[in-house]
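Comments concern the structure below.
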Amino acid sequence: MDSSEEHARCPARGTCPVFLAMSAGTVRYAPLGLCPALEGSLREEPWGTESPPQPDQGLPPPLAAVPVPWKSTDPCQGHRESPGALVETSAGEEAQGQEGPAATQLDVLRLRSSSMEIREKGSEFLKEELHRAQKELKLKDEECERLSKVREQLEQELEELTASLFEEAHKMVREANMKQAASEKQLKEARGKVDTILFAEFQAWREAPTLDKTCPFLERVHREDVGPCLDFTMQELSTLVRAAVEDNTLTIEPVASQTLPAVKVAEVECSSTNTCALSGLTRTCRHRIRLGDSESHYYISPSSRARITAVCNFFTYIRYIQQGLVRQDAEPMFWEIMRLRKEMSLAKLGFFPQEA
């Protein structure tokens, strides 16, 4: 160490409270940790052996006069203890007292920074969740709108179908009512027109149906319709035809192209297809009849065929009633019989279909 200047200083200045400097008989006492104003109030005063510092000036005595014991505490904190140690301790405590609020303020700032960071992250997370929720809500709204349109379309189609079904049902009901009204009208008209005696005879015959011509109902029909309809010019053949019709043994078949054996009836040549065997008139014969199991055939005209067919239809219906195949009330049966009698009357007068 230089003889002109000596420093006693702790390596760690932040924790050492005293700094001593000696140069040419001048000592400076500057405790560390004081404010600049206090440091500025300290002054340097020359002193020597002849004029030591006065005690009333508040300055420490010369180093030679004050024994300074050395105390080794730590390699970085070794210093001399001096009368200013109390001042150093007070300054250190004051510095520590000043560092306490600063540390607390730093912690508060750190907490605030962490809180702000957490708040920012939470805000970003909430924004993302809100965006995702809005997106999902938009998709759901679109799906709901689509389903709503589908439902409206189905409801409209259902309404149209229901209206169509109701209209069709009303139409069917109207038609049924019209048919029922027409049937009732015809029934009333028919009841106003029936021969009551003939209907009574039919009801009596229906209770015990038979083909015997002695019953009042069939006797009337034979007398008024069957006999006149089968009364042809050739009486002998007419009698045979009537018996075959009543026995249901008469056969009518169309004329074939091959030549068939000739049959004479009452000196009338019946082998020709241009002469009717029943009327004896020259007509184009498209059909022929066969009686029972006989091999003989008789050519007949369309008029004769229509008269025979009308009588055969009447007897066929009578047989169906007798066998129990017709399951109707008395009035429908009676009117069907009246229709068949009408056909016999028309055929007897020469009214028949052209295809006959």
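Could you give the length gained on full extension between PHE125 and THR273, defined as 0.36 nm per residue of separation minus the Cα-Cα distance, in nm?
Full extension from PHE125 to THR273 adds 42.0 nm.
Among the lysines in region 103-201, how many pairs, 8 or more places apart or on different chains, have alpha carbons under 19 Å apart?
For region 103-201, qualifying lysine pairs total 7.
What is the spin-label model distance, in nm, from PHE166 to ARG151 if the labels are put 7 Å beyond Cα along the C-beta direction?
So the label points at PHE166 and ARG151 sit 2.2 nm apart.
With a 1.4 Å probe and every protein chain left in place, work out the accessible area per residue of region 111-192 in Å², rounded to a whole number.
Heavy-atom SASA per residue in region 111-192 reads 97 Å².
Can you compute the modelled spin-label distance between GLN134 and GLU224, with each label point 7 Å from Cα toward Cβ, in nm?
A separation of 10.0 nm, rounded to one decimal place.
Given labels modelled 7 Å from the Cα in the Cβ direction, how far is it in nm from THR196 to GLU159?
A separation of 6.1 nm, rounded to one decimal place.
The values are calculated or read from the model by the stated rules, or taken from the named source; none is laboratory data. All values derive from a computational prediction rather than experimental measurement. As a convention, Cβ positions derive from the backbone with ideal geometry for all residues, glycine included, and neighbour counts pool all protein chains shown. When the accessible area is computed, the model is the full protein with side chains, heavy atoms only, and any ligands, DNA or RNA have been set aside. Shrake-Rupley method; radii C 1.70, N 1.55, O 1.52, S 1.80 Å.
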